[in-house]
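Enquirer: Before I ask anything, let me first share the structure, which is written out below as structure tokens.
The values are calculated or read from the model by the stated rules, or taken from the named source; none is laboratory data. Quick caveat: nothing in here was measured; it's all calculated off a predicted structure. Backbone-built Cβ (ideal geometry, glycine too); neighbour counts: all protein chains shown. What goes into the accessible areas is simple: the full protein's heavy atoms, side chains included, and nothing from ligands, DNA or RNA. Shrake-Rupley method; radii C 1.70, N 1.55, O 1.52, S 1.80 Å.
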Amino acid sequence: MRLHSAVPLLLPLLFGAGLAAQEPIPQEPNADANDPFGHSRHGAEFDEGPRQAAYLMEGLGDQVHFPVAGLSAEAQAFFDQGVTQQHGFWYYEAERSFRQVAMLQPDCAMAYWGMTVANIDLPERAAGFIANAVEREREVPQRERLWIDAWAGYFGIDDAVRSELWSGEPERVAAAKKALTERAAKGPDKAAKTKRDRQLLKDLGTLVYEFPDDIEAKAFLAIQNWHAYAWGSGIEIVSHTAIDALIDQVLAQKPMHPAHHYRIHLWDREDARRSLASAARIGASAPAIAHQWHMAGHIYDKLHRHAEAAWQQEASSRADHAHMQRDRVMPFQIHNYGHNQEWTCRSLSHVGRWQEALQLAKNMAELPRHPTKNRPDEASDIAGYAQQRLVSVCEDHELWSQAVELCRAGYFAGGDVRSEAMRLGLLGRALFRLGRDGEAEAVIAEVDELLVRARRERADKLDAAEDAAVAAAKERKEIDEALAGAQRAGTDLVRLVLDLQRELRGERLLRDGDAVAALAEFETVRGLPKTLLAGARIAAGKADEAVALLAEEVKKNPGRVPTLRGLIAAHRAAAGPEAADRIAELEAALAAIPKGIADFGADFGERPPLAALGPFRWQPTAAPPLELEIAGADGARFDLAASRQPTLVVFYLGFGCLHCIEQLQAIGPKAGDFAAAGIRVVAIGTDPAEKAAKSLAALTPEERFPFPLLADPGQAAFRAWRCYDDFEAMPLHGTFLVDGEGRVRWQDISYEPFTAIDWLLAESQRLLALPAAAGAGSK
């Protein structure tokens, strides 16, 4: 199959697909019956995860079929879709597809098995789902029983627990589930983890033996071998070739099966060459899944084919953006999105496409943040990655003027010691390189203050760790371990700032003409980019050492434009007898870097136009219409589109929801601050207008809310804004920031109301202050 034949399948991804109304899943009520508002009626594990219905997507291929006894054709299609998404590590959407199966056929035990594997990295939820599967497995065929029992054993469901789950007595079933999820939340020690991973591998091997024609069992066995190795179980892969042969059996029957993904993981850390054939086909196996494009980028990067890697990572970004636009998803809700974006920036930078790399890094910094899902002070969150890539792109390509602008325009806004160290390091170096000495000296003073802060915070964290351990009645050994952990974390930050002081002292010495002393400072800094260190060696008259440093780096990591250019500069400075020949070779290497897909290797295969996969950058989507009656306003109505004013839109679940009222009461005192920022507030509730008006009338003037409450008793607006659980036919809490152009800039939809109001005010101001073009663009 050629990938260009799959391009027409991608077009519906860009133009949307409807979600049909569905019946709710009939299941036992939530144990927390006193607080049903937004919470699932059938277990805490269903509170998180997707709450809107699935639809059959285009762009997932036709190679996966996992037959389940008794499923209707529609339910089977969703089950196959869920397995395909699982193969692409698209966990959130896989769970949504399996929930759809359960909605269509509530007694399908395998639907809950699917939810389990989609949450294997969230053990507490996964344990709850597998308990639901076991509860329904009594009449399933042997093959399905083997699938379910493999993961049931993984989560410690033995005959005694199974007896409780099969008892049919709600209290016994609930107690068994509670015990399972609590144990899963604590997690096993390493020995227990190794034991259960070995048993899961054995159980999957039994499944393959008993049902040798089940290629899905072979695919899951292959990836589980990698999981057991990669996830710290202490289980080594003895023969990569043997597992590769297992994958070959899958691909022999289904050549475009998404198990190409598993071959890439298998060889990524071992011998990337062996997965080149899969790298050429993986994207075509399921082009709607961003991760399928991303993983081939790993292989090309390992083989130093950075142009091809950049193409793959950009394809992944575009597929993610198409999904976000189509289904109105925030970037921080996408698994692995930040990792893919930062890798795209790196690959673009490696091949000299610094303008696009910088554009993408800025976009990452501009993206909506979240107090738990996208934080600048978390290195592996999108905003944390953004700061790292802004620094690396500016330093690798000596973009000193752009660096100053970025540092002063709020792109480094974490406020924590690590974020400040990155900002001040880039800003100080840029100012020195631009000859703006007075400003650079002011940065050095800020770094000195940052060191005092880092040491103070280290002491505070030590005290906090000790207080927490003592309060928990920990043993002396455990207290010592807690203190040691806090000490290490705090000292890492202190050393980071000490290194930064050395860096900027080196920059000052370079400015003053003392390159030898500057080099002495730079040589002591951990992790200083080699191109910067080489530049200092050249300035200190040690060009031969700069050549040696960068020649070794080019040998280790060939094909990177910044290093090649740095080595050319070092050879010119050294002016050795072979310098001209070496420079010619390096310039030829620069010229050989592919400029486009036509220059890629023959083994790269065919690809669709990148634009067919989605837009280059994330952009906010248009808010749905909102036109409703205002409670207590004599029939007056509110129309969101009637004004171009930014609006905070809050969906609450009526005056009977205590948490909702607490949210509105938290927003009330801040309404003036929002207004001062140019943001009006409106809240939409499930109560009829008359009922909401009576509730408002019962409040004292001091208790009333300084913003209009809208009535949506039919919950049409809740559905339109996706604040609705399609599976259980119930409204959900939602909070949205809509800008003056009617675009949703931020959102949170959950089983609980969003209550970090001060944080939301600051984030709203940040988002609305971004340039008008922020988030736009479809290059």
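Enquirer: Just to verify a result, which residue in the stretch 609-629, among those that are open to solvent by 30 Å² or more (accessible area, probe 1.4 Å) and hydrophobic (A, V, I, L, M, F, W, C), is farthest from Q359 (Cα to Cα)?
Expert: This residue is A622.
Enquirer: Of all residues being open to solvent by 30 Å² or more (accessible area, probe 1.4 Å) and part of a loop (DSSP other than H, G, I, E, B) in the stretch 647-677, which is farthest from G714 (Cα to Cα)? Just the residue, please.
Expert: The residue in question is A677.
Enquirer: Further, regarding this structure: Can you list the helices (runs of 4 or more DSSP H) lying wholly within the stretch 249-353 that have 1 or more residues being of a type in the set (S, T, N, Q)?
Expert: Result: 276-285, 290-302, 306-327, 337-350.
Enquirer: Then there is this: Name the pairs: first residue in the stretch 64-77 and closer than 16 Å to P258 by Cα, second residue assigned to a loop (DSSP other than H, G, I, E, B), Cβ to Cβ under 7 Å, at least 6 apart or on different chains?
Expert: If the second residue must be assigned to a loop (DSSP other than H, G, I, E, B), the pairs left are V64/H257; V64/P258.
Enquirer: Moving to a separate point now. Any residue that is more than 34 Å from the chain's Cα centre (by Cα), part of a helix (DSSP H, G or I), modelled with pLDDT of 90 or more and not charged (D, E, K, R) - is there at least one of those in the stretch 450-457?
Expert: no
Enquirer: Please find, among D712, D739, D725, D748, the residue that is out of contact with any strand residue (DSSP E or B) (no Cβ under 6 Å at 6 or more places or on another chain) and not aliphatic (A, V, I, L, M). Explain how you work it out, then say what you get.
Expert: Working: D712 fails: out of contact with any strand residue (DSSP E or B) (no Cβ under 6 Å at 6 or more places or on another chain); D739 fails: out of contact with any strand residue (DSSP E or B) (no Cβ under 6 Å at 6 or more places or on another chain); D748 fails: out of contact with any strand residue (DSSP E or B) (no Cβ under 6 Å at 6 or more places or on another chain).
None of the other options fit; the residue is D725.
Enquirer: Among the residues of the stretch 141-157, how many are among the aliphatic types (A, V, I, L, M), open to solvent by less than 30 Å² (accessible area, probe 1.4 Å) and either more than 29 Å from the chain's Cα centre (by Cα) or closer than 16 Å to E216 by Cα (or both)?
Expert: Looking only at that region, the number is 3.
So that you can scan it fast, the table gives a plain yes or no per residue for (1) closer than 20 Å to H298 by Cβ; (2) modelled with pLDDT of 95 or more; (3) open to solvent by 50 Å² or more (accessible area, probe 1.4 Å):
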site	(1), (2), (3)
P212	no, yes, yes
I215	no, yes, no
A230	yes, no, no
A245	no, yes, no
A259	yes, yes, no
W267	yes, yes, no
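Enquirer: Still on this model: Do we have any residue at all in the stretch 708-731 that's more than 19 Å from G38 (Cβ to Cβ) and assigned to a loop (DSSP other than H, G, I, E, B)?
Expert: So in the stretch 708-731, the residues more than 19 Å from G38 (Cβ to Cβ) come out as 708.
Pick out the ones that are also assigned to a loop (DSSP other than H, G, I, E, B) and you get 708.
Yes, because at least one residue in the stretch 708-731 is more than 19 Å from G38 (Cβ to Cβ) and assigned to a loop (DSSP other than H, G, I, E, B).
Matching residues to (1) under 12 Å from V134 (Cα atoms); (2) open to solvent by 40 Å² or more (accessible area, probe 1.4 Å); (3) among the hydroxyl-bearing types (S, T, Y); (4) over 30 Å from the mean Cα position of the chain (by Cα):
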| residue | (1), (2), (3), (4) |
| --- | --- |
| P170 | no, yes, no, yes |
| A176 | yes, no, no, yes |
| A185 | no, yes, no, no |
| P188 | no, yes, no, no |
| T194 | no, no, yes, no |
| L204 | no, no, no, no |
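Enquirer: Let me ask something additional. Collect the residues in the stretch 405-435 that are out of contact with any Lys or Arg (no Cβ under 8 Å at 6 or more places or on another chain) and of a type in the set (A, V, I, L, M), keeping them in residue-number order.
Expert: A409, A421, M422, L424, L426, A430, L431, L434, listed by residue number.
Enquirer: Let me ask something else. Out of curiosity, is E553 touching a Ser or Thr at 6+ places or on another chain (Cβ under 6 Å) and part of a helix (DSSP H, G or I)?
Expert: Yes; evaluated as a whole, the condition is true for this residue.
Enquirer: Among the residues of the stretch 355-413, count how many are part of a helix (DSSP H, G or I) and either buried (at least 18 other Cβ atoms within 10 Å of the Cβ) or in contact (Cβ under 8 Å) with a residue 40 or more places away in the chain (or both). Even if it seems obvious, please write down each step before you answer.
Expert: As a first pass, look at the stretch 355-413 and keep what is part of a helix (DSSP H, G or I): 355-366, 382-396, 400-408.
Retained after the next criterion (residues that are either buried (at least 18 other Cβ atoms within 10 Å of the Cβ) or in contact (Cβ under 8 Å) with a residue 40 or more places away in the chain (or both)): 356-366, 382-396, 400, 402-404, 406-407.
Of the residues in the stretch 355-413, 32 are part of a helix (DSSP H, G or I) and either buried (at least 18 other Cβ atoms within 10 Å of the Cβ) or in contact (Cβ under 8 Å) with a residue 40 or more places away in the chain (or both).
Enquirer: Also, I was wondering about something else. So which pairs qualify, if the first residue must be in the stretch 289-303 and surrounded by fewer than 24 Cβ atoms within 10 Å (Cβ to Cβ), the second must be modelled with pLDDT of 95 or more and β-branched (V, I, T), the Cβ gap must be under 7 Å, and the two must be at least 6 apart or on different chains?
Expert: From the stretch 289-303, the pairs are H298/I264.
Enquirer: Mind checking which residues of the stretch 620-670 are of a type in the set (D, E, K, R) and within 17 Å of F37 (Cα to Cα)?
Expert: E662 - this is the single residue of the stretch 620-670 that is of a type in the set (D, E, K, R) and within 17 Å of F37 (Cα to Cα).
Enquirer: In the stretch 126-159, what residues are in a helix (DSSP H, G or I) and within 15 Å of G70 (Cβ to Cβ)?
Expert: Selection gives A133, Q142, R143, E144, R145, W147, I148.
Enquirer: Could you please find all residues in the stretch 431-449 being of a type in the set (A, V, I, L, M, F, W, C), part of a helix (DSSP H, G or I) and either open to solvent by 10 Å² or more (accessible area, probe 1.4 Å) or farther than 19 Å from L498 by Cα (or both)? Don't jump to the end; show me each part of the working.
Expert: Step one: list which residues in the stretch 431-449 are of a type in the set (A, V, I, L, M, F, W, C), which gives 431-432, 434, 440, 442-445, 447.
The next check asks that each one be part of a helix (DSSP H, G or I); those that pass are 431-432, 440, 442-445, 447.
Correct list: L431, F432, A442, I444, A445.
Enquirer: Same structure again: Which members of the stretch 557-579 meet the condition of being part of a helix (DSSP H, G or I) and open to solvent by 70 Å² or more (accessible area, probe 1.4 Å)?
Expert: Once the filter is applied, which keeps residues that are part of a helix (DSSP H, G or I) and open to solvent by 70 Å² or more (accessible area, probe 1.4 Å), the stretch 557-579 yields R565, R572.
Enquirer: Let me ask another. Which of (1) out of contact with any Pro (no Cβ under 7 Å at 6 or more places or on another chain); (2) of a type outside the set (D, E, K, R); (3) open to solvent by less than 40 Å² (accessible area, probe 1.4 Å); (4) not in a loop (DSSP other than H, G, I, E, B) is the odd one out, the single condition P753 does not satisfy?
Expert: The failed condition is (4).
Enquirer: Let me ask something else about it. I'd like to check something: does the stretch 91-100 contain any residue that is open to solvent by less than 40 Å² (accessible area, probe 1.4 Å) and on the phi > 0 side of the Ramachandran plot? Outline the logic, then answer.
Expert: Let us first name the residues in the stretch 91-100 that are open to solvent by less than 40 Å² (accessible area, probe 1.4 Å), namely 91, 93-100.
From the residues that got through so far, the ones that are on the phi > 0 side of the Ramachandran plot too are none.
No: zero hits.
Enquirer: Which one of T755, T735 is hydroxyl-bearing (S, T, Y), closer than 25 Å to H321 by Cα and in contact (Cβ under 8 Å) with a residue 60 or more places away in the chain? First the steps, then the outcome.
Expert: Numbers: T755 fails: closer than 25 Å to H321 by Cα.
Of T755, T735, the one residue that is hydroxyl-bearing (S, T, Y), closer than 25 Å to H321 by Cα and in contact (Cβ under 8 Å) with a residue 60 or more places away in the chain is T735.
To keep it simple, each residue is scored yes or no on (1) surrounded by 22 or more Cβ atoms within 10 Å (Cβ to Cβ); (2) in a helix (DSSP H, G or I); (3) touching a Phe, Trp or Tyr at 6+ places or on another chain (Cβ under 9 Å).
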| position | (1), (2), (3) |
| --- | --- |
| Y209 | no, yes, no |
| A219 | yes, yes, yes |
| H227 | no, yes, no |
| V238 | no, no, no |
| A242 | no, yes, no |
